[in-house]
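Some notes on the structure that comes next.
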């Protein structure tokens, strides 16, 4: 369902109202966290980065800084995993590092719910079907996040879930995602995995082609494990309705 007309207006009003209230309510937490970042890593306290939003327009996302600027002998920044500090892990685990994004919501760049905004360099790596994730506002949390975790799902599955959200979006689904997100954060579920990069499209297509051509023994699949067969566009083709139906 397209985010147009009165539905989009209602969504934006709800987003900005809730985000403004959350900014006030979480101001003490954000203040303490910002002070801790300043004390442990110095400035700047906030991490700013250009991301892709609605209709592929760019905006600057705001987060609390979780990594230091440690560099190797060659002068290049060390891998993300090595620069992520102990405080940074805690901020990510509790999602406190995401709180400054409420400012993005108030400004209208981001919604509370939608596909997570990615880097601009990934645009050339999407299939045409996957680019449809930008037909809606990006979000602080999303369907892919609550289904598989913020970093636990592979790229093809994550992008497929984003496109599913675009096709099935409604205010009730947003409410469900927010409720599930709150439960995840309160339960302090550790995000599995680490910072990853989306492989270039030719590489991903070659991986799919190799997977389709290589004989593989069938693996047992639980009801909660997503199907991963490649469709014509490099997306999972068949999915159980019960997994994605609100």
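The values are calculated or read from the model by the stated rules, or taken from the named source; none is laboratory data. Small disclaimer: the values here were computed from a predicted structure and weren't measured. Please note: Cβ atoms are built from the backbone with ideal geometry, for glycine as well, and neighbour counts cover all protein chains shown.
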Inset, instruction - Return the only residue of 115, 73 being assigned to a loop (DSSP other than H, G, I, E, B) and touching a strand residue (DSSP E or B) at 6+ places or on another chain (Cβ under 7 Å). - result: 115
Inset, instruction - Could you figure out which of (1) farther than 30 Å from residue 170 by Cβ; (2) buried (at least 17 other Cβ atoms within 10 Å of the Cβ) isn't true of residue 124? - result: (2)
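Can you spot a residue in segment 15-23 that is out of contact with any helix residue (DSSP H, G or I) (no Cβ under 7 Å at 6 or more places or on another chain), exposed (fewer than 11 other Cβ atoms within 10 Å of the Cβ) and more than 25 Å from residue 187 (Cβ to Cβ)? Show your work before the answer.
So the first thing to find is which residues in segment 15-23 are out of contact with any helix residue (DSSP H, G or I) (no Cβ under 7 Å at 6 or more places or on another chain), and the list is 17-18, 21.
Filter once more, keeping what is exposed (fewer than 11 other Cβ atoms within 10 Å of the Cβ): none.
Looking for residues that are out of contact with any helix residue (DSSP H, G or I) (no Cβ under 7 Å at 6 or more places or on another chain), exposed (fewer than 11 other Cβ atoms within 10 Å of the Cβ) and more than 25 Å from residue 187 (Cβ to Cβ), one finds none in segment 15-23, hence no.
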Inset, instruction - Look at residue 136 and say whether it is touching a strand residue (DSSP E or B) at 6+ places or on another chain (Cβ under 7 Å), within 30 Å of residue 24 (Cα to Cα), buried (at least 21 other Cβ atoms within 10 Å of the Cβ) and modelled with pLDDT of 90 or more. - result: no
Inset, instruction - Considering every residue within segment 95-109, establish whether at least one is at pLDDT below 90 and either over 23 Å from residue 165 (Cα atoms) or outside any helix (DSSP H, G or I) (or both). - result: yes
Legend entry - Search result, residues across segment 27-56 that are over 21 Å from the mean Cα position of the chain (by Cα), surrounded by 13 or more Cβ atoms within 10 Å (Cβ to Cβ) and under 25 Å from residue 117 (Cα atoms): 33, 34, 37, 45
Inset, instruction - Return a yes/no flag: does segment 35-53 have any residue that is under 30 Å from residue 126 (Cα atoms), assigned to a helix (DSSP H, G or I) and in contact with a helix residue (DSSP H, G or I) (Cβ under 6 Å, 6 or more places away or on another chain). - result: no
Legend entry - Residues of segment 107-121 satisfying the condition of being within 15 Å of residue 22 (Cβ to Cβ) and crowded, with 17+ Cβ neighbours inside 10 Å: 110, 111, 112, 113
